[in-house]
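The values are calculated or read from the model by the stated rules, or taken from the named source; none is laboratory data. The model shown is predicted, which means the values in this text are computed figures rather than measured ones. Using ideal geometry, Cβ is built from the backbone for each residue, glycine included, and neighbour counts are taken over all protein chains shown.
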């Protein structure tokens, strides 16, 4: 007598694997995105330290306008300066734009390459860090996850 799996048994196993995959894949995707976010947060810290150093050296109360590569202490990692776009530093995951100014506050604009969200730490007399979504599920997830680290969350893109 031959023993083997019936078609029903094989279908049940495939169905169980499919259900497990459907549950695990979104969590995996979110974990990968949070890992990518650490690159931007590290580079934002470098920028903020450079801007604070600039302020201490120059006795100013606001960060300078213009290209943040002009800060002598800025040493971003993971990418290179875009030769075609002035003041843009690009990595595999993010585009670091030149200083963006809104209502007297200035800071770099860090956009996710896929457009899900934008990080904008602004400086006037202290740092205000805002995460803007492009109304995507992943953008909302990332921005909401940053709230515990002092970031503000907004569904309104820059």
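Results, tabulated for the structure shown:
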item	result
Residue that is modelled with the highest pLDDT [pool: residues in region 65-91 that are assigned to a loop (DSSP other than H, G, I, E, B) and crowded, with 16+ Cβ neighbours inside 10 Å]	88
Condition check for residue 53: more than 19 Å from the chain's Cα centre (by Cα), modelled with pLDDT of 90 or more and more than 18 Å from residue 109 (Cβ to Cβ)	no
Checking residue 5 against (1) surrounded by fewer than 10 Cβ atoms within 10 Å (Cβ to Cβ); (2) farther than 29 Å from residue 111 by Cα; (3) at pLDDT below 90, the condition it does not meet	(1)
